[in-house]
Structures are given as C-alpha cells and as structure tokens.
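Enquirer: Take a look at the following structure, please.
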Amino acid sequence: MRKLYQRLVLLYLISALLFVLLFAVSLYLRGRKENGYYLYQLLGAVDSNLEEAAGEYEEEVRHLSGEYTTYAREVAYILAREERMAQADGLETLRELMDVGAISLLDEKGEVVATTEESLQGSRVDPECMDGEGKTCVQVDEPDFWDRPAYFYVVAPMENVEGGSFAGVRIDVDIESSRLTSGAERVRDTLKRATTEYDTSILAAGKARGLIIGITENNRQEIEFEQVQEGNEMVEFMDALPEGEPVVLKINGEWQSVVVRERHDMYLAAFTAMDQVAADMRTTLVAGLCAVAVISGLTIFMVRVFVRKYLFDHFRQIQTGIYDVLEGKRNLAEEDSEIPELKPLAEMIFRLEREYMEKAEGLTRMEGELSAAKNEADYDRLTGLYNRNGFEQRAENYLQSGRAEGALLLFDLDDFKKVNDREGHPAGDQVLITFARCLTDTFRKEDVIARLGGDEFVVLLPGRISKDILEEKFRALFDRVHETFGDREEARRVSVSAGAVLADDTVREYEDLYACADTALYIAKDLGKARYYINDKKIRCMRRECIGCREDCPRSRILKGERK
C-alpha cells in the first residue's frame, strides 16, 4: 500500500508540474485574448453610441423641419390676414413669440425683401423653393465633417398674394442655440461619455484627413504613434492593422495592446498598457501555483486517510443530499457539516432565485415607465387635459365606431395675447389652467376635453344632444367664465368665443366636423367675440372671398359686410 501511495504521489507531482506549465502558456494566450475581447467590446459600445448619436442628430433635423414648417405656415397665415404684421416691428414680434432665428419675406424670385436679420437682406433662397407649387421647402446645409451647418431654413409660400409685395416667408433656425452640431463634435461628445479604466484609452481618427478627432476624457490627450504622423500616413497605418485582433504597438513611448474597429468614415482604436497585462498574468500565476500546492496537499492527505474508509459512502451521502435539496426536503439555510458539497449547490439556488426576483422587479418598473410615457404622449402638461394627439385618437375612434350622434365644440380665448404681452407667459399659463378648470366643471366626465395648443380648446360631447341643451351648456360655461375672469383687473380680463357643430349622418369624419366647428368659431368672433355660434348648416368654407356656393350662408353675409 505504501508503494501505491508513493507512486500516486509521484504521478500527481508530475501531473502538477505539467499542469503548471500548460497553465502558464494558456494563461498568456487567454490574457491576450480576453484583453483583445475587452477592448473590442469597448469599441463596439462606442460604435453603437456613435450610431445612436447620428440617429439623434437625424431625428433632431426631422423634428426641426416639422416644427419650423409649422412656424412658416403660421407666419404666412398671419401675414395673409394681418398686413401690418409684415412691417419690421411686426416681424420682430413674431420672431420673439416663436423664438426662431430670423423671419424674412421673399419676393417671387426668392430674394429677401424684408427680414429681422440684417445679414440676410438681399440674399436669395434656393430657386427650387419658389417653383410656384405652393409647398413648403426645407433647406439644410450639409457641411464638412468638422463644421456645423451654416444655415437651416424653411420657406412657405403665401396664399392670395396677387399684386402683393412678397410671395413667401422664410424662417431661419438659430444654429447657435440649436442642437445642430458637427460630426467631429458628436464624436468627441460620445468619447467624452465613454467609461474606461485609467490605463485604457479610446481614440477616433478620420479617414478623410487622417487626423485624430478625439480621445476619451479620463486619459492622456496627447497621442503619439511611433514613426507614424497624422494625415495619409495615419490612414494607411490604420488600414493595415487587422480589425478586431489585438496587436502590440508602441504608443507614447510605451508598449500597448491595441485593437482597431473600422467605420465607414473613421477608425476607432482602443489600447491599454502591456505592463498591466503582465502584472495580471503574474498575479494569476502565483495564485494558481498556491492553489495547486494547497490542493495537492489536501488531496494527498485525503487519499491516505479517507479513500478506503469513507470515499464511496460519502459519494452516496452526496447523491442523497442533492436529491433532498432538489425535492425541498433539506433546509438550505442550515449548514451541513457532513456533506459540505451541498453548500455551493444551495448558494447557487439562492443566487438564481435572487436574479429571477430582480429581473421580475425590473420588468415591473419597465411596464410602469412605459405606461407613464404613453400618458405623457396623450396629455397636455400645463392643463392636464388631453393634447391634440390624445383628443384626435379618441374622437376618430368614437366616430369610426358607427355612432354618428354628438357635438364638437371649439373654444378660443379672446384677447389672450394681451395677457401674455402685459403680464407675461406665467400669467397667461394661469389663465389657460383656470379656463381648463371651467371646462371640466361644466361638462360631464364622459365628455372628451382637450387643449389643442395655444389658447384653443375643444370638447367632444358623445351621444345624442339637442340644440337647446347645447345652448344651455354654452350659457352655463359663459356664466362661469364671467364669474371667474370678469372681476379681474383689465390686464387679465378675458372672454371666450365658441363654435359648435352637431354630428349626424351628413358629417361623420373628424376632419369635416372640425372644419364646421372652426367655421362656426370664425363666425362667432366676427360677430363681436364673447359669444357662441352653432353651425346648423354644416358650413365648411374658409375662403376669403364668397363664391356664392350657398343661398343662405352666414359666413357669406359676414364677408359682404352684413352682420345679421
């Protein structure tokens, strides 16, 4: 038996030496591979962030295009109806209200004839924007990678301007205050937000010029490749490196492990000092040797003392204990001194249980955040009412359900602009909130109440409703508005004009109902404001001149100067 033990010990020592040798070789290979994988993962994260930044920039351009197209149409609409606003003071007032860079008026050739920005006087817009097709035109500068856009403007044609002094409106974006940045700025900002260890750096080098665009913020900002200069030499050097494979290069006078990732317009390079890799290898090797020595001693001791007496019985106890744990017969919280192998199993089960609970809690939080985001998309932040998107969805769903009965009411606060001009926007916001409270107190819970924007509100009354009841609703609301705003000082005193239309089989589409209600609101305002008008005849005409399409038309009488 002693010879058997001696032979086992000798065999074990030889095996341990071979293991240490193989362990050292595999440790180096693994360390190099893991280091390269870690660097490539960092580059992948930066690449994804760059794509996300590019997507956010494109989304910002689309957002500004839509927003400024709306501004341009609104200015064209105002100027077509208020010629005095075409003066310099009027244009400046519109520019301040809309918080845009500049507002300019164009003649038929696209030349700027009046503007709030002197540098634009006499300039011309793109000829394609004045093709006479009546469409808005968006022009965005596409600068070099290193520069911001020089201009971003929207041109809207004027309507009914025959013989007028201008044919279009140009709205310019304030580039300095916008989030329009150069490609280089987006790359630097992305690298600035990247998180790396102190000895690990990430840089970006452009393909077009071979210049270093930026480097992660918590590292040394001066980068010097041995015998490589910025420019074409840098491009050729980066292009020659294998993508995704770690290579050893001398950077800033030190040997570094480098991994390169190529994009369509630049190279991304991540590098870390080799001395750290070597230190990690030494630490791991020493720890491995110590572990081998401890395991060897314990193994020899166990073989000599317990192999014959306890080995097989112990295996059977382990097997029974595992089944007991899996079947729930054994308390995992109790430490089993006879079968210590069960403790790691119990810890693993506890860990899996905790991970499951954490993921379940994360999913619950995500559901709550998604629900909050959906509510925010449908409600107006200032008044708590539905916004335009939320209202239109519910109105269209109601009308498409086959129920044609109901009424659509439009409200507009008279002289609301004076409140903003004299008292400021906070006072104007308080007026909007107070009027919204008047609406919710007057109408039913099942009625759909919304703020479409500015001082325009809308209410959808579902179900059958007569004209008499509708007039009672209007009188009750007007009385409440008078009680609420009538006693206020002149600067904050407002009134309400309203237009309404009853839904029936003749008008069932939301856009048609809205047009009828809008026409009714126009008639109410033209009749002197602070009143309502119910569009019985379903008039949808918004022309500036009467063409005699109806024999009995209240809007026609208004256009002709008749008030009855």
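The values are calculated or read from the model by the stated rules, or taken from the named source; none is laboratory data. Predicted model only: the values in this text are computed from it and were never measured. FYI the Cβ positions are ideal-geometry reconstructions off the backbone, even for glycines, and counts take in every protein chain you see. SASA here: full protein model, heavy atoms, side chains in, ligands and nucleic acids out. Shrake-Rupley method; radii C 1.70, N 1.55, O 1.52, S 1.80 Å.
Enquirer: State which residue is surrounded by the most Cβ atoms within 10 Å (Cβ to Cβ) when the search covers only the stretch 475-501 and only residues that are touching a Leu at 6+ places or on another chain (Cβ under 8 Å) and farther than 22 Å from residue 426 by Cα.
Expert: The qualifying residue surrounded by the most Cβ atoms within 10 Å (Cβ to Cβ) is 501.
Enquirer: With over 30 Å from residue 194 (Cβ atoms), part of a helix (DSSP H, G or I) and open to solvent by less than 90 Å² (accessible area, probe 1.4 Å) as the only criterion, which of 23, 19 stands out?
Expert: 23
Enquirer: Moving on. Any idea how many residues of the stretch 346-404 are modelled with pLDDT of 75 or more, closer than 30 Å to residue 505 by Cβ and either open to solvent by 80 Å² or more (accessible area, probe 1.4 Å) or part of a helix (DSSP H, G or I) (or both)?
Expert: Residues that pass the stated criteria total 14.
Enquirer: If you don't mind, another one. Would you confirm whether or not the stretch 446-456 contains a residue that is touching a residue at least 24 places away in the same chain (Cβ under 8 Å) and open to solvent by less than 10 Å² (accessible area, probe 1.4 Å)?
Expert: Among the residues of the stretch 446-456, at least one is touching a residue at least 24 places away in the same chain (Cβ under 8 Å) and open to solvent by less than 10 Å² (accessible area, probe 1.4 Å), which makes the answer yes.
Enquirer: Specify the residue that is nearest to residue 508 (Cα to Cα); the eligible residues are those in the stretch 405-431 that are buried (at least 16 other Cβ atoms within 10 Å of the Cβ) and free of Cβ contacts under 8 Å to residues at least 60 places away in the same chain. Steps first, please.
Expert: Within the stretch 405-431, the subset buried (at least 16 other Cβ atoms within 10 Å of the Cβ) is 406-414, 416, 419-420, 428, 431.
Subset that is free of Cβ contacts under 8 Å to residues at least 60 places away in the same chain: 420, 428.
Numbers: 420: 37, 428: 35 Å.
Residue satisfying both the conditions and the ranking: 428.
Every residue, every condition in (1) open to solvent by 80 Å² or more (accessible area, probe 1.4 Å); (2) touching a helix residue (DSSP H, G or I) at 6+ places or on another chain (Cβ under 7 Å); (3) modelled with pLDDT under 70, yes or no:
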{"residue": "255", "(1), (2), (3)": "yes, yes, no"}
{"residue": "274", "(1), (2), (3)": "no, no, no"}
{"residue": "283", "(1), (2), (3)": "yes, no, no"}
{"residue": "286", "(1), (2), (3)": "yes, no, no"}
{"residue": "316", "(1), (2), (3)": "yes, no, yes"}
{"residue": "321", "(1), (2), (3)": "no, yes, yes"}
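Enquirer: While we're here: Pull out all pairs, ordered by first then second residue, where Cβ-Cβ is under 9 Å, the residues are six or more apart or on different chains, the first lies in the stretch 112-129 and is among the hydroxyl-bearing types (Ser, Thr, Tyr), and the second is assigned to a loop (DSSP other than H, G, I, E, B) and open to solvent by 40 Å² or more (accessible area, probe 1.4 Å).
Expert: Correct list of pairs: 115/121.
Enquirer: Among the residues of the stretch 105-143, which ones are assigned to a loop (DSSP other than H, G, I, E, B), under 21 Å from residue 61 (Cβ atoms), of a type outside the set (Val, Ile, Thr) and open to solvent by less than 40 Å² (accessible area, probe 1.4 Å)?
Expert: Result: 141, single match.
Enquirer: If you go through the stretch 419-428 one residue at a time, do you hit one that is under 30 Å from residue 476 (Cα atoms), touching a Leu at 6+ places or on another chain (Cβ under 7 Å) and either outside any loop (DSSP other than H, G, I, E, B) or modelled with pLDDT under 90 (or both)?
Expert: No, every residue in the stretch 419-428 fails to be under 30 Å from residue 476 (Cα atoms), touching a Leu at 6+ places or on another chain (Cβ under 7 Å) and either outside any loop (DSSP other than H, G, I, E, B) or modelled with pLDDT under 90 (or both).
Enquirer: Given the residues 44, 31, which is the only one that is open to solvent by less than 30 Å² (accessible area, probe 1.4 Å), farther than 19 Å from residue 265 by Cβ, part of a helix (DSSP H, G or I) and in contact (Cβ under 8 Å) with a residue 40 or more places away in the chain?
Expert: 31 is the lone residue from the list that is open to solvent by less than 30 Å² (accessible area, probe 1.4 Å), farther than 19 Å from residue 265 by Cβ, part of a helix (DSSP H, G or I) and in contact (Cβ under 8 Å) with a residue 40 or more places away in the chain.
Enquirer: If a residue has to be without any contact (Cβ under 8 Å) to a residue 40 or more places away in the chain and assigned to a strand (DSSP E or B) to count, how many in the stretch 496-518 make the cut?
Expert: Residues meeting the conditions: 1.
Enquirer: Please verify whether the stretch 219-229 includes one or more residues that are in contact with a helix residue (DSSP H, G or I) (Cβ under 8 Å, 6 or more places away or on another chain), open to solvent by less than 60 Å² (accessible area, probe 1.4 Å) and modelled with pLDDT of 85 or more.
Expert: no
Enquirer: Within the group 92, 58, which residue is open to solvent by 70 Å² or more (accessible area, probe 1.4 Å) and either in contact with a Gly (Cβ under 7 Å, 6 or more places away or on another chain) or modelled with pLDDT of 85 or more (or both)?
Expert: Sole residue among the options that is open to solvent by 70 Å² or more (accessible area, probe 1.4 Å) and either in contact with a Gly (Cβ under 7 Å, 6 or more places away or on another chain) or modelled with pLDDT of 85 or more (or both): 58.
Enquirer: Report yes if some residue within the stretch 200-207 is open to solvent by 30 Å² or more (accessible area, probe 1.4 Å) and more than 30 Å from residue 30 (Cα to Cα); otherwise report no.
Expert: yes
Enquirer: Residues that are touching a strand residue (DSSP E or B) at 6+ places or on another chain (Cβ under 7 Å) and closer than 21 Å to residue 146 by Cβ: which strands (runs of 3 or more DSSP E) entirely in the stretch 187-273 hold 2 or more of them?
Expert: Passing ranges, in order: 200-206, 212-215, 266-273.
Enquirer: Also: Suppose the filter is open to solvent by less than 80 Å² (accessible area, probe 1.4 Å), under 25 Å from residue 463 (Cβ atoms) and at pLDDT 90 or above; does residue 504 pass it?
Expert: Numbers: open to solvent by less than 80 Å² (accessible area, probe 1.4 Å): yes; under 25 Å from residue 463 (Cβ atoms): yes; at pLDDT 90 or above: no.
No.
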